[in-house]
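S.K.: Quick one: this structure, given as structure tokens, is what I'll be asking you about.
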């Protein structure tokens, strides 16, 4: 207990940054994932191909390597310098977006064919069919897997600790400088993650109930 | 299914799609071209930066690192499947003193980030007096605990999705509960869940890269080492490219195998479903 209370500043700082990483990455990944998911079912072959290549390439790359590239490789490109935090957000978003895209695509498949056919019958084009009819229903159907992806994202933020971002995963390294026992600090970090994951699960159940599709 | 979302294009729509397609291609090529241009301009493709990878010793080290990644992956894969099976059976046990701990173990290890788990094993356990924790052991133990819990859920779902008649028939011919589980239920559940298991194996392979952070001597660790050799111009981006190519290659091979197995399983199931159709009423019989 004293490990936590004596170093409350480090713990709050760490988890604050973890939540920032999670929040921004989740938003960007949801936007990018939806766009890529839509690209993969679009009538334009070039867009389909680009989406497929992106998803297959990034999904088969370890997140650690992606963060490695953005944290250590990017600064050498001579582009505008970004902080490690921003680099981590970009890496996490690009990685998570592929999972969101796949989830949304599988959700599009669960929408009954009649819905899309009816939308086409009343003269909606692809963009309207998708955004007005199919996606709103698909999103409700994929709430559980979508939240699994978000929970995975929350846990994945710890990897940024390996690349100079001060967040929950790096609390241990900072605490051992202060001479705190490694086990106690790590167990506290693990405990807070369990709490955060439980909160996300509660949120998932709430949305599932609220947006249940009656079929 | 894609054709459901849009009509067969007429001449106008085809022209529009072509235009959008060209625009999309230009956009993608533009982004890719810009990245390549930046890479070239900052001198990432110069021979000096890649020279270090032409030394046989360096190549051997990278090969060894790949071997280290693969051995951690293989060990963790086998152990996770075993742990997953044990936990799944444990969760379904009739004895509360088995099922309740199994349930909590699965929930616990799924909620803790894998990296924190590895750190607990690598940095935490030695401070409690546990000796001889190597990075390899930490990586394998972390991967096993996490992926074993994930697989346990998959196996449990697989076992519960089996028709009730399977278990009842097994008990009826005098098998004991353990025998019903190990001889009848689990083999079927494993088969049904094989695509999911293989997908999880790809996750294990990717997550071995976390070993980089707990100083396990794998591909990424070596990549960083070679990438920071100043006398070769700190070729960190070439090193990341080499590591990326190896990882993507290995994962694509594994994903390819997963897809093949899934297709074969689906074909096999189709045949069985056809066989079973004559008895649609017998709920237990119709399943495989």
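S.K.: Taking into account only those residues within the stretch A:162-186 that are assigned to a helix (DSSP H, G or I) and at the interface with chain B (Cβ under 7 Å from one of its Cβ atoms), which is surrounded by the most Cβ atoms within 10 Å (Cβ to Cβ)? Step through it out loud before you land on a result.
M.R.: Filtering the stretch A:162-186 for residues assigned to a helix (DSSP H, G or I) gives A:162-163, A:168-177, A:182-186.
Among the residues that remain, those that are also at the interface with chain B (Cβ under 7 Å from one of its Cβ atoms) are: A:162, A:169, A:172, A:182-183, A:186.
On the way: A:162: 21, A:169: 28, A:172: 26, A:182: 21, A:183: 18, A:186: 26.
So, considering only residues that are assigned to a helix (DSSP H, G or I) and at the interface with chain B (Cβ under 7 Å from one of its Cβ atoms), the one surrounded by the most Cβ atoms within 10 Å (Cβ to Cβ) is A:169.
S.K.: What residue, among those in the stretch B:218-231 that are more than 9 Å from chain A (Cβ to nearest Cβ) and surrounded by 19 or more Cβ atoms within 10 Å (Cβ to Cβ), is nearest to residue A:71 (Cα to Cα)?
M.R.: B:221
S.K.: Please indicate, with yes or no, whether at least one residue in the stretch A:86-105 is within 12 Å of chain B (Cβ to nearest Cβ), assigned to a helix (DSSP H, G or I) and over 13 Å from the mean Cα position of the chain (by Cα).
M.R.: Checking the stretch A:86-105: at least one residue is within 12 Å of chain B (Cβ to nearest Cβ), assigned to a helix (DSSP H, G or I) and over 13 Å from the mean Cα position of the chain (by Cα).
S.K.: Filter the stretch A:26-65 down to residues that are in contact (Cβ under 8 Å) with a residue 40 or more places away in the chain, in a helix (DSSP H, G or I) and over 14 Å from residue A:101 (Cα atoms), then give me how many there are.
M.R.: Within the stretch A:26-65, residues that are in contact (Cβ under 8 Å) with a residue 40 or more places away in the chain, in a helix (DSSP H, G or I) and over 14 Å from residue A:101 (Cα atoms) number 2.
S.K.: Only one of these is within 11 Å of chain B (Cβ to nearest Cβ) and outside any helix (DSSP H, G or I): A:79, A:153. Name it.
M.R.: Of A:79, A:153, the one residue that is within 11 Å of chain B (Cβ to nearest Cβ) and outside any helix (DSSP H, G or I) is A:79.
S.K.: Given B:108, B:117, which one is closer than 30 Å to residue A:200 by Cα, within 9 Å of another protein chain (Cβ to nearest Cβ), surrounded by fewer than 16 Cβ atoms within 10 Å (Cβ to Cβ) and within 29 Å of the chain's Cα centre (by Cα)?
M.R.: B:108
S.K.: For the stretch A:14-27, give me each residue that is surrounded by fewer than 17 Cβ atoms within 10 Å (Cβ to Cβ) and over 11 Å from residue A:154 (Cα atoms).
M.R.: A:16, A:27
S.K.: Can you work out which of the residues in the stretch A:2-13 that are assigned to a helix (DSSP H, G or I) and either touching a strand residue (DSSP E or B) at 6+ places or on another chain (Cβ under 6 Å) or touching a residue at least 12 places away in the same chain (Cβ under 8 Å) (or both) is surrounded by the fewest Cβ atoms within 10 Å (Cβ to Cβ)?
M.R.: A:6
S.K.: Could you pull out the residue among B:77, B:48 that is buried (at least 18 other Cβ atoms within 10 Å of the Cβ), part of a helix (DSSP H, G or I) and in contact with a helix residue (DSSP H, G or I) (Cβ under 8 Å, 6 or more places away or on another chain)?
M.R.: Numbers: B:48 fails: buried (at least 18 other Cβ atoms within 10 Å of the Cβ).
Unique residue meeting the criteria: B:77.
Quick note: the coordinates plus some simple rules give every number you see, no bench work behind them. As the structure is a computational prediction, the values presented were derived from the model and not from experiment. Please note: Cβ atoms are built from the backbone with ideal geometry, for glycine as well, and neighbour counts cover all protein chains shown.
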